[in-house]
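Q: I have a structure I would like to understand better, so I am pasting it below and will then ask my questions one at a time.
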Amino acid sequence: MSSPLDDQPSDPHLADPAPTTTPPTRAATRRTALAGAAGAGAILALTGLAAGPRPARLGDVHGDAELAAALRPHLGGHRHVSAVVSDGGQQRFAGFGADETTEFEIGSVTKTFTGALLMDAVDRGDVSLETTVAEILGERAAGSEASDVTLAEIASQSSGLPRLPLTRVLASLPINFLRKDPYSGSSVDGVIDAALDASLSDRGEYAYSNLGVAFLGQLLATQTGVSWQELLRSRLLDPLGMTSTRAPFRLDEIGTDAPRGHGRSGLSAGAWTMHGYGPAGGIRSTGHDMALYLASMQDGSNPGSAGLEPLVERGEDSAVGIVWSLRTTDAGESLVQHNGMTGGFAAFCGFNQDSGRGVVLMTDSALSPDELGAGILDGSVSL
């Protein structure tokens, strides 16, 4: 969502990537590659202008001081940051005002978890990638343009579904000005109905859709007979040992002492629970847990690692697999990545399949860490 939520420019329903210090040509290439995450930024872009900027200062260093020193020049404007870097099978953690247990909203990086749940369901025989919407919803899908859309099309952002329903965009505008959750009031049935009512556009071509991945999560829940949150816990988080990761559905489930993020203006932002759109951006996690998630994607123990074959081209040297964005560098290395942004947080997760370098970046400011994350993966940022 690029009300920040995605892998496009950093979405808060989707924001443009953060300024880069790399050469213009390379930066332009990277911006194109990252442009797939867009879920939340568009709405944030409108609301971020409402107040002037406030100065931010990085918090005290936790963890690897050498890694923190290398990251610091790239984190202007940020406050609390959690970073995990893997290289040669070894992981290092560095935090600014955050330790490995500090919680962040990860925005559209959540979509990769929903993609992993899809691949897990395929492995169990619950569905196939060619299962259609109508095969899951039956008569409920009758007459819908989306009735014959496959799960693979939805997961690869090529279903033709819009990024968000117009009604959701319009309803969220005043909420965004109040710096609160723009998905407030949405429901599981509301997401399903919105997808079934939508007109498809350019089906078969890449077009980032928060509605699509939210719909995918709710389709999996319908097929298995349990909620997406329950699937997430039982089939992914528990097996991976991610005990501090959660996807609260309501504000009262978050807790009054949970970390709060900051918008681009520097003002405090309300927590996002995403409600029915949770599968597209509702997860909150920690450096410790995201280190486990990154490692599981790299060693193949995560079901999502089976979904990294390119399904839809996104442009020169870039494609989409099952949710993850795939990019080939000028040196021929294969990168796997996704970003995310909510009203007050931003995140990046990815790895280089050839060098073995991987990174997770989480910040409590709606400022994209994409350029830094991509630079670490392709080696243009030295650590």
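The values are calculated or read from the model by the stated rules, or taken from the named source; none is laboratory data. The model shown is predicted, which means the values in this text are computed figures rather than measured ones. Don't worry about glycine lacking a Cβ; one is built from the backbone with ideal geometry, like all the others, and counts go over all protein chains shown. Areas reflect the complete protein model, heavy atoms only, side chains present, ligands, DNA and RNA absent. Shrake-Rupley method; radii C 1.70, N 1.55, O 1.52, S 1.80 Å.
Q: Report, largest value first, the span of the C-alpha coordinates of region 99-160 along each principal axis, in whole Å.
A: Largest to smallest, the principal-axis extents are 50, 25, 20 Å.
Q: Quick check: convex hull over the Cα atoms of region 95-237, volume per residue in Å³, rounded to an integer?
A: About 134 Å³ per residue, rounded to a whole number.
Q: From the convex hull of the Cα coordinates of region 177-278, what is the mean projected area in square nanometres? All intermediate terms of the calculation are to be shown ahead of the outcome.
A: On the way: hull surface 35.4 nm².
Averaged projected hull area, Cα only: 8.8 nm².
Q: Which FRET efficiency, nearest 0.05, do E253 and D60 yield, Cβ-Cβ r, R0 35 Å?
A: Rounded to the nearest 0.05, the efficiency is 0.75.
Q: What order, most packed first, do the peptides 262-270, 242-250 have when packing is the mean number of other Cβ atoms within 10 Å of each residue?
A: Ranking, from highest mean packing down: 262-270, 242-250.
Q: Another one. For the ranges 345-353, 102-110, 302-310, 276-284, what's the packing order if you count other beta-carbon atoms within 10 Å of each residue, average per peptide, and put the highest first?
A: Working: 345-353: 27.1, 102-110: 31.9, 302-310: 19.0, 276-284: 30.0.
The most tightly packed comes first, giving 102-110, 276-284, 345-353, 302-310.
Q: Follow-up question, since we're still on this one. Leaving out ligands and nucleic acids, and using a 1.4 Å probe, what accessible area per residue does the chain come to in Å²?
A: In whole numbers, the chain has 37 Å² accessible per residue.
Q: If each DSSP helix of 4+ residues adds -39,500 (n - 2.57) and the sum is divided by the residues in the chain, what number results at 222 nm, nearest 500 deg cm²/dmol?
A: -8500 deg cm²/dmol
Q: Kirkwood Rh over alpha-carbon pairs of region 156-217, then Stokes-Einstein at 37 °C and 0.692 mPa s: what D in µm² s⁻¹, rounded to an integer?
A: 271
Q: Distance from the Cα centre of region 176-209 to that of region 318-383, in angstrom?
A: 25
Q: Please report, as a whole percent, how much of the solvent-accessible surface of region 305-349 comes from carbon and sulfur atoms (probe radius 1.4 Å).
A: With neighbouring chains kept in place, the figure for region 305-349 is 42 percent.
Q: What is the Å³ per residue value for the convex hull set by the Cα atoms of the chain?
A: Enclosed volume per residue, from the Cα hull, is 117 Å³.
Q: Another question, then. What are the membrane-span-like helices in the chain by this rule: whole DSSP H runs, Cα extent along the axis at least 20 Å, mean Kyte-Doolittle hydropathy at least -1.0?
A: Qualifying helices: 110-124, 210-224.
Q: May I pose another question? Given N residues in region 251-383, what is its alpha carbon radius of gyration divided by 2.2 N^0.38 Å?
A: On the way: Rg = 15.8 Å, N = 133, 2.2 N^0.38 = 14.1 Å.
Dividing the Cα Rg of region 251-383 by 2.2 N^0.38 Å gives 1.12.
Q: Another question, then. So which GluC sites (Glu not before Pro) in region 113-195 are both in a DSSP loop and have at most 14 other Cβ atoms within 10 Å of their Cβ?
A: Passing both the DSSP loop test and the Cβ count: E130.
Q: OK, next. Do you know the relative contact order of the chain, to the nearest whole percent, from alpha carbon pairs under 8 angstrom that are 6+ apart?
A: 26
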